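The values are calculated or read from the model by the stated rules, or taken from the named source; none is laboratory data. All figures in this text were calculated on a predicted structure; none of them were measured in a lab. Note that each Cβ is placed from the backbone with ideal geometry, even for glycine, and that neighbours are counted across all protein chains shown.
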Amino acid sequence: MFYKYILRMRHFKCSIKTSVFGLFLVAIATGLVTIHTNASYLMNMVRHTDHANAISGQHFSGFLVNTPGCKIPDINPFDTSIRHLVTHDTLECDGAKSLTFTEGSLLKINRSLLETTYFNFSHCSYQAIQRDGNNETDRLFRYDPKIVKFKDEVKLRDEFIRVVCHNIPGKMIYTNFHAVVFEKHSVEKDCAETEAMYSKTAKEKALETFNLIILGVDSVSRLNFMRQMPKTRAYLTDVLQALELTGYNKVADNTYVNLVPMFAGKFVEELPWDERYSDIAFDKYEFFWNQAQKRGYRTLYAEDAPEIAIFNYEKEGFHKPPAHYYLRPFSLAMENHGSVWDDTHNCVGDKLETNKVLDYVNDFVKLFKNRLHLAFAFITRLTHENINLVGVGDDAYLEFFKTIHQQGNLENSVVLFYSDHGIRFGKIRETNVGKLEERLPFLYWIFPKWFYKKYPHLDKTLRTNAHRLTTPFDIYATLQDIIDFKGITKVYDKPVRGMSLFSEIPVTRTCEDAWVFPHWCTCQKQISVNKTDGHVIHAANMVVQFINDQTSSHRKLCTLLKLSAITDARMTTSSDEVLKFRESHNSVLGRKVDYGSPVKPIIHYQIILRTFPGDALFEATVRYSDDDGKYHIMGDISRINKYGDQSACICKHQLKKFCFCG
């Protein structure tokens, strides 16, 4: 208590009366805090250095993907160019200790805390949390006016609740939120007939039916997953025999535009959707969880950080819950209750918000272990802003996978564990390593161990594809094959945008074949170019002109930008094998590739430039061809440093990264 009191005084710079004793306390406080901070820092740095040295000792001189169609370099996560920017930030959830907890549908009181922490305990009460607005909005929640008091364990009949506890004088001493999963009779009734029909068809063909756990983490590249979550990674690969897709390449900029291809098999524009439809709900579009539900799957959809959720950030969301078990009302209620959060807004009392979501998923897969189910969760807040805070979640994800494995919940389940993209802002992102890793998020598949033995041909194909160029479109095609599993290697008559991983990805596959636009493509051979090169200067000025054209209709608000500096320039072109590739065919001995004279390359200049006023950093890919001597901006222009409130004067989201309010 004394130590915590001193820490609190130092944190809030509390004043102490000027006295010998007061000065003595300040000295002790400063000394204790310094010792604690330095010790913690040093221990953290030792662990971080050991981990960095261990990874640095591995071999990173080759390629993640090394085919005629694509070469993606294998880079050391602790490359010397970025190693000084890598830290392992820490976070302790030291809020109010959890007085209440759940076991299944039972809400219980931790009585061991009553004598040590919560004195003069009187009683607790809870209220149910529900969707509001006649159940037809994602924006509102409400508390059921009915208040249920309890002093001992109580069986819950509501899936989301807020708990409040009081002491004998009537003072509120505790608040928390709980989400529970229990059978819903209406859901079981709807699923039973469909599931039976689906299972019967599968059994007649001697095929398997799989449960699915789809767990996403925002803004974590493959390299940063290696840096920050070594324990989870080791458990995935060593214990669960997870399959890592090392050539997994994003296809667009941020979360929404990468996850729509993954779960709808389309670009956002093909849904169709753009910002003109921001007030129209997504209920009319079919996503993968809708397809699963039609096959008798019990479905769960869970996100944290409700203000920036995938389908809700500057969008309408869903007017009807997209899944049988939908966490959003709970998340909205918890977000709205400021007193339960810590200063970082990552902890709810003594628990990470991340754990709240993972516990909900775990309860779901545990309850329906022997019944067909699909869990979709995407966790954002902890990893969204700070590339070096990702490691705080290592223990949380490790325990989640340990729990579902040890409870036997993976015996007939396929797990997709992935991210949407790497970090999109910050100092590391401004480096060449950061540029590459932003485009290469982590992605793992976990199949039951018996699967590899029973289907060795699929095992071989999956392991081959782990080192081929893959995209969110391929994930969508694979998920469809899993819920309609036939146990065979899929055959395509012609190249397609999304290929199931149960079919071998051709060695000739290029970014163009996979519909990865040049700006996002990590396959191309890349060399540094002099920043004073005429092509580079011309391309940079063209980018600034394009940005100004975008804001021209808002010139009273957005200042005309000028080129301040070109900070980096690289020229990318297809590999020699692609330039010389003519055709491929099969022979008795295996696949052969014929090469001819190289074609004239089309060159892409990838440029990072700075503008003024505002000191914005932009990255763009500009295409140039000698055939016509013209320059074309390819795909999106990335803003790679934060714009903060520089664009507060404008409401159009697509212009915020370009606008500097004058």
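From the list LEU416, LEU436, the one residue that fits, being of a type in the set (A, V, I, L, M), modelled with pLDDT of 95 or more, closer than 22 Å to SER219 by Cα and not in a loop (DSSP other than H, G, I, E, B), is LEU416.
How many of the residues making up region 320-358 are among the β-branched types (Val, Ile, Thr), in a helix (DSSP H, G or I) and farther than 30 Å from SER186 by Cα?
1
Of the residues examined, GLY426 is not one that is at negative phi and either buried (at least 21 other Cβ atoms within 10 Å of the Cβ) or of a type outside the set (Lys, Arg) (or both).
For region 282-314: of the residues being part of a loop (DSSP other than H, G, I, E, B) and free of Cβ contacts under 8 Å to residues at least 40 places away in the same chain, which is farthest from ALA377 (Cα to Cα)? Give the steps one after another, and end with the answer.
Step one: list which residues in region 282-314 are part of a loop (DSSP other than H, G, I, E, B), which gives 282-287, 295-297, 304-305, 309-314.
Those still in the list that are free of Cβ contacts under 8 Å to residues at least 40 places away in the same chain too: 283-287.
Working: ASP283: 18, LYS284: 21, TYR285: 19, GLU286: 17, PHE287: 14 Å.
Going through the qualifying residues, I end up with LYS284.
Among the conditions (1) of a type in the set (Phe, Trp, Tyr); (2) under 20 Å from LYS71 (Cα atoms); (3) in contact with a strand residue (DSSP E or B) (Cβ under 6 Å, 6 or more places away or on another chain), PHE517 misses just one, which is (3).
Looking at region 509-527, can you tell me whether even one residue there is basic (Lys, Arg) and crowded, with 21+ Cβ neighbours inside 10 Å?
yes
Of everything in region 114-126, what is part of a loop (DSSP other than H, G, I, E, B) and either more than 20 Å from GLU103 (Cβ to Cβ) or not hydroxyl-bearing (Ser, Thr, Tyr) (or both)? Give them in sequence order. LEU114, GLU115, THR116, THR117, PHE119, ASN120 - these are the residues of region 114-126 that are part of a loop (DSSP other than H, G, I, E, B) and either more than 20 Å from GLU103 (Cβ to Cβ) or not hydroxyl-bearing (Ser, Thr, Tyr) (or both). Residues in region 347-388 that are surrounded by fewer than 20 Cβ atoms within 10 Å (Cβ to Cβ) and aliphatic (A, V, I, L, M): 1 in all. Listed by first and then second residue, the pairs linking a residue in region 501-524 that is within 16 Å of PHE63 (Cβ to Cβ) to a residue that is modelled with pLDDT of 90 or more and charged (D, E, K, R), with Cβ atoms under 8 Å apart and 6 or more places separating them unless they lie on different chains, are ILE505/ARG468; ILE505/ASP474; VAL507/ARG468; ARG509/ARG468; CYS521/ARG439; THR522/ARG439.
Here's the yes/no breakdown for (1) part of a helix (DSSP H, G or I); (2) at pLDDT below 95; (3) out of contact with any Gly (no Cβ under 7 Å at 6 or more places or on another chain):
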{"site": "TYR174", "(1), (2), (3)": "no, no, yes"}
{"site": "MET197", "(1), (2), (3)": "yes, yes, yes"}
{"site": "LEU223", "(1), (2), (3)": "yes, no, yes"}
{"site": "MET226", "(1), (2), (3)": "yes, no, yes"}
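CYS558 meets each of the listed conditions (1) closer than 30 Å to GLN293 by Cα; (2) in contact with a Ser or Thr (Cβ under 8 Å, 6 or more places away or on another chain); (3) crowded, with 18+ Cβ neighbours inside 10 Å apart from (1). The criterion of being closer than 26 Å to GLU269 by Cα and modelled with pLDDT under 85 holds for GLY635. Counting only residues that are under 20 Å from PRO518 (Cα atoms), small (Gly, Ala, Ser), under 23 Å from the mean Cα position of the chain (by Cα) and assigned to a loop (DSSP other than H, G, I, E, B), region 614-662 holds 1 of them. Of all the numbered requirements in (1) over 26 Å from the mean Cα position of the chain (by Cα); (2) farther than 12 Å from ILE547 by Cα, THR611 misses one, and that requirement is (2). For region 127-172, a tally of residues being in contact (Cβ under 8 Å) with a residue 40 or more places away in the chain and not in a loop (DSSP other than H, G, I, E, B) returns 16.
A count restricted to region 251-271 and to residues that are farther than 21 Å from GLN480 by Cβ and assigned to a loop (DSSP other than H, G, I, E, B) stands at 2. Selection of first residues in region 529-550 that are in the same structural domain as ALA565 (by TED's automatic domain parsing) and of second residues that are modelled with pLDDT of 95 or more and among the small types (Gly, Ala, Ser), restricted to Cβ pairs under 6 Å at least 6 apart or on distinct chains, gives the following pairs, ordered by first then second residue: VAL529/ALA569; LYS531/ALA569; VAL536/ALA569.
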